[in-house]
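Beneath this line is the structure, given in structure tokens, with notes to follow.
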Amino acid sequence: MADQDIIARLADSVGALDAAQWDACAGSDNPFLSHAFLTILEESGSVGGRSGWQPTPIVITGEDGTIAAAAPAYAKSHSQGEYVFDHSWADAWERAGGDYYPKIQVAAPFTPVPGPRLLLRDQRLAPALIGAIEAVVDQNELSSAHATFVAPEQLPLFEAAGWLIRRGVQFHWHNEGYASFDDFLAALASRKRKAIRKERAAAAEGLTIRHLTGSDLTEAAWDAFWIFYQDTGSRKWGRPYLTREFFSLLGERMADKVLLMIAERDGVPIAGALNLIGADTLYGRYWGCTEDVPFLHFELCYYQAIDAAIARGLTRVEAGAQGEHKLARGYVPVPTWSAHYLPDPNFRRAVSDFLDAERMAMARDEAYLEQLTPFRKMAAG
């Protein structure tokens, strides 16, 4: 596409854009970047309105009007629901007399899942799309733009544009061709293997655990999960990010991408964990309960996810942000990445210094975490 043919614009919402054209850019691997998922967030009122997430998708079209590149961008009036924390940056900028908000966030809202943030049908348009994001910041005199949980293969694109790169860590489970959960356990040290078996037995005692997908995702199931989600959300965030309608629309429009795990006692749901299914990954997202059962969180969110991934031939389970307790359950540390555009040179310099110090601390932490994985250590020889 020649430079003179490139037209970048802001849209009012993802829902206002052609679904097939958006998905042609986003691909089908990651459900959180799909037109369906992002539109469900909009239509359910989970973003927009007073949520502090104002959809401002940036798209590049050719002369025929077809979308060739897009960025899932949002004007943010706070730093909640991002899982990459910049509150100290906001405090510093505002103490210096600036307005940190609104800022531009390029992300899947409320979703700490790595993936492409430059949705490109034509890969040559990456610099132009990054330039369009920068132009939104510059022309509106905003403090910054942030692309969070960037797929590693896209990092060089942001680095080439001069964005600052920040490193984080998550804990993912990797399927090494296991035929069953016992096959996975065989790869662990004996003590860890026994501990997991005890946890699973204690968690499941007296309970029935069901995996729901497709037409099994009834409104009754969502009603139960909504109670679980509200309980966890109120304790973690003060108020839940998602609305009740979000879950109904998710079941209506993306049922084949949803795996809802429900634990029941005597036919009554007492806990649940929501997962989305990608091309090669099971993504754990939300969990909650109405009865405190020892180890049930680990069972529903980690062990049942491993069972499901093995059964479906998936290569990985990504069980959300943070959580060093995942290490003992076979999840290993994996780096995550974000990219940050700060046009003010003094602010950029201060944040760059902060990131340099943070990277050094993280390198020490990751070296320590690597020693805590439960897998059998191979003898040197």
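When the range 94-115 is filtered for residues that are out of contact with any Leu (no Cβ under 8 Å at 6 or more places or on another chain) and in contact (Cβ under 8 Å) with a residue 40 or more places away in the chain, the ones remaining, listed by number, are Ala96, Gly98, Asp99, Tyr100, Tyr101, Gln105, Val106, Ala107, Thr111, Pro112, Val113, Pro114. Test Gly251 against the stated conditions and say whether it is in a helix (DSSP H, G or I), touching a helix residue (DSSP H, G or I) at 6+ places or on another chain (Cβ under 9 Å) and surrounded by 14 or more Cβ atoms within 10 Å (Cβ to Cβ). Considered against the rule, which asks whether it is in a helix (DSSP H, G or I), touching a helix residue (DSSP H, G or I) at 6+ places or on another chain (Cβ under 9 Å) and surrounded by 14 or more Cβ atoms within 10 Å (Cβ to Cβ), Gly251 comes out as yes.
Selection of the range 54-93 for residues being part of a strand (DSSP E or B), within 19 Å of the chain's Cα centre (by Cα) and either farther than 13 Å from His146 by Cβ or free of Cβ contacts under 8 Å to residues at least 24 places away in the same chain (or both) yields Gln54, Pro55, Ala70. Tell me which residues, restricted to the range 111-143, are outside any helix (DSSP H, G or I), closer than 20 Å to Ser34 by Cα and among the aliphatic types (A, V, I, L, M). The answer is Val113, Leu118, Leu119, Leu120. Determine the pairs where a residue that is open to solvent by 10 Å² or more (accessible area, probe 1.4 Å), located within the range 128-150, has a partner that is among the basic types (Lys, Arg) with Cβ atoms under 7 Å apart, the partner being 6 or more residues away or on another chain. Filtered contacts from the range 128-150: Leu142/Lys103. Candidates are the residues of the range 280-337 that are assigned to a loop (DSSP other than H, G, I, E, B) and in contact with a Leu (Cβ under 8 Å, 6 or more places away or on another chain); the one that is most open to solvent (accessible area, probe 1.4 Å) is Asp280. Screening the range 234-247 for residues that are in contact with a helix residue (DSSP H, G or I) (Cβ under 6 Å, 6 or more places away or on another chain) and either assigned to a loop (DSSP other than H, G, I, E, B) or open to solvent by 10 Å² or more (accessible area, probe 1.4 Å) (or both) and picking the one that is farthest from Phe298 (Cα to Cα) gives Arg244.
Scanning the range 22-37 for residues that are open to solvent by 40 Å² or more (accessible area, probe 1.4 Å) and under 16 Å from the mean Cα position of the chain (by Cα) turns up Ser28, Asp29. Taken as a whole, the structure places Leu120 among residues that are surrounded by fewer than 23 Cβ atoms within 10 Å (Cβ to Cβ) and more than 26 Å from Gly52 (Cβ to Cβ). Checked against (1) open to solvent by 50 Å² or more (accessible area, probe 1.4 Å); (2) among the polar types (S, T, N, Q); (3) under 20 Å from Tyr286 (Cβ atoms), Thr111 passes all but condition (1).
Matching residues to (1) among the hydrophobic types (A, V, I, L, M, F, W, C); (2) surrounded by fewer than 23 Cβ atoms within 10 Å (Cβ to Cβ):
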site: Ala8; (1), (2): yes, yes
site: Asp12; (1), (2): no, yes
site: Ala20; (1), (2): yes, yes
site: Thr39; (1), (2): no, yes
site: Trp53; (1), (2): yes, no
site: Thr61; (1), (2): no, yes
site: Ala71; (1), (2): yes, no
site: Ser79; (1), (2): no, yes
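Of the residues Ala357, Ala350, Ala311, which is more than 24 Å from the chain's Cα centre (by Cα) and free of Cβ contacts under 8 Å to residues at least 24 places away in the same chain? Step by step, each of Ala357, Ala350, Ala311 is checked, and only Ala357 is more than 24 Å from the chain's Cα centre (by Cα) and free of Cβ contacts under 8 Å to residues at least 24 places away in the same chain.
Between Leu185, Leu207, Leu212, Leu157, the distinction of being buried (at least 16 other Cβ atoms within 10 Å of the Cβ) and farther than 23 Å from Ala273 by Cα belongs to Leu157 only.
Hey, can you tell me all the residues within the range 263-279 that are assigned to a strand (DSSP E or B) and farther than 22 Å from Tyr241 by Cα?
Within the range 263-279, Ala263, Glu264, Arg265, Val268, Pro269 qualify.
The values are calculated or read from the model by the stated rules, or taken from the named source; none is laboratory data. Everything numeric in this text was worked out from a predicted model, so none of it was measured. Cβ coordinates were reconstructed from backbone atoms using ideal geometry, including for glycine residues, and neighbour counts include every protein chain displayed. Surface accessibility is based on the protein's heavy atoms, side chains included, excluding ligands, DNA and RNA. Shrake-Rupley method; radii C 1.70, N 1.55, O 1.52, S 1.80 Å.
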